[in-house]
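The values are calculated or read from the model by the stated rules, or taken from the named source; none is laboratory data. Keep in mind that what you see is a predicted model, and the values were worked out from it rather than measured. Reconstructed Cβ throughout: ideal geometry from the backbone, glycine too, with neighbour counts over all protein chains shown. Side chains are part of the model used for accessible areas, which takes the heavy atoms of the whole protein and leaves out ligands, DNA and RNA. Shrake-Rupley method; radii C 1.70, N 1.55, O 1.52, S 1.80 Å.
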2 protein chains.
Amino acid sequence: MIVINNNALLKEYCEKYDINSHFSNWEALTKKLVHYEKGEIIAFYGDQANKLFFLVKGTIKFCCFTDDYEEYFFFDATNEGLFGEVEYVMNIPLITQSEVIEDCHCIVIPVKENRKLLDNDLKFQVFLTTILAKKYNDMRNLCMNAESYPLEIRLAKYLIADKNSSKISDLTQIAKTIKCSYRQLLRTIKQFVENGWIEHLPQKGKYKIKDRDALEEVAKR
Amino acid sequence: MIVINNNALLKEYCEKYDINSHFSNWEALTKKLVHYEKGEIIAFYGDQANKLFFLVKGTIKFCCFTDDYEEYFFFDATNEGLFGEVEYVMNIPLITQSEVIEDCHCIVIPVKENRKLLDNDLKFQVFLTTILAKKYNDMRNLCMNAESYPLEIRLAKYLIADKNSSKISDLTQIAKTIKCSYRQLLRTIKQFVENGWIEHLPQKGKYKIKDRDALEEVAKR
């Protein structure tokens, strides 16, 4: 992690994503712009939580762990860019592990220094309820529909979930997440390649999305 | 639904559950105490949402529906008694269907008449973030762990989820919810009966919890 001392850039990001509109007094908050490098773990699952952050550039992979310590991948694309809010509200250790997939810029808001301001900011609390209600509802739908969809549709939904990346790797993880065996996954991936929706890269076990529109169509079925 | 015109009773419930502590100006809100009869559908899935309510007596079963209209049962026991908040925040039609299992008393807060007060109430918004973050986190855990537990544990968790009821019925529904076949469920139920944890009632397909402590132990495994 490197702190970027560039107020102009921070301001530019805020304007681009309209971040200050979620706070009554954005200027009064202590915050910093930071850079995370590809491969860096931003925070470990179970660590003490101490920041809210807005992802303004790059890609982060969020993982959680089941009670028996199996890793469970999900990319949270619906969060309007704010992360760490569940931990802030509940005052609990980190419920996800965050790893940098592509170099990132984040606006980090340390919770401790800002808690009083945040807790008393109606605008921010209303913003939080919106984010949390949506996250809850999305998770509920995911949970309910997880197995009522055929594997083909589950895989398509999974592949298009991350709008910022076309790369497909770590098949073991994908199989776990969409609840199928490795063998079943390979069969479906082979089918997707034959359909021209994804292509096999030279590296073993790596693929790339070729036809996102086709996958979006499958996911809608 | 019958409106109970009894301000003393309404006040009694508020004090018992400390409901007014979640609002800056509870007195200013329009609300009413209502009675719902066993078997009554409080609201249909997909209907327009127009109320927040606190369940202060009785039992309500909440159902949702998967995208292919399969009913999916869950009893939301973690909601601190407030319901309708996801719909209020997101301004969407009802995401659950609510059916009265035991005669209920609810304090109903119509959203339309109160929206301005609610939207501008910091205390209430902070209360909402707490509820929503907890609901999200519980749902996430449920979703992640759904299948990593053996059936025995899933059934035990399911049976003890509703602290207010010891009755077990609608096995088809239970099988769907805990993701197993009807045959697998019957086998596990038979085992539970033999262990003395539940007992078969005279009616076909009806059971009753006999040893809640034992089930709690199994659920913790």
May I ask you to verify whether B:Leu118 is in the same structural domain as B:Tyr88 (by TED's automatic domain parsing), within 29 Å of B:Gly39 (Cα to Cα) and touching a helix residue (DSSP H, G or I) at 6+ places or on another chain (Cβ under 7 Å)?
no
Across segment B:176-199, what is the number of residues that are crowded, with 18+ Cβ neighbours inside 10 Å and basic (Lys, Arg)?
1
Just the residues that are more than 7 Å from chain A (Cβ to nearest Cβ) and polar (S, T, N, Q), please, taken from segment B:135-157.
B:Asn141
With respect to the numbered conditions (1) in the same structural domain as B:Tyr36 (by TED's automatic domain parsing); (2) over 19 Å from B:Ser21 (Cα atoms); (3) buried (at least 16 other Cβ atoms within 10 Å of the Cβ), which one is the sole condition not fulfilled by B:Tyr158?
(1)
Restricted to segment B:109-134, and to residues that are within 16 Å of the chain's Cα centre (by Cα) and open to solvent by less than 60 Å² (accessible area, probe 1.4 Å), which residue is farthest from the other protein chains (Cβ to nearest Cβ)?
B:Ile131
Checking A:Ala49 against (1) more than 21 Å from A:Phe65 (Cβ to Cβ); (2) in contact (Cβ under 8 Å) with a residue 60 or more places away in the chain, the condition it does not meet
(1)
Name, by its number, the condition in (1) without any contact (Cβ under 8 Å) to a residue 12 or more places away in the chain; (2) outside any loop (DSSP other than H, G, I, E, B) that does not hold for A:Lys204.
(2)
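Please tell me if A:Tyr36 is of a type in the set (Ser, Thr, Tyr) and at pLDDT below 90.
Taking the combined requirement at face value, the residue does not satisfy it.
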Against the definition (surrounded by 17 or more Cβ atoms within 10 Å (Cβ to Cβ) and within 25 Å of the chain's Cα centre (by Cα)), how does A:Leu215 come out, yes or no?
yes
Do you know which of the residues in segment B:158-173 that are in a helix (DSSP H, G or I) and more than 15 Å from the chain's Cα centre (by Cα) is farthest from the other protein chains (Cβ to nearest Cβ)?
B:Leu171
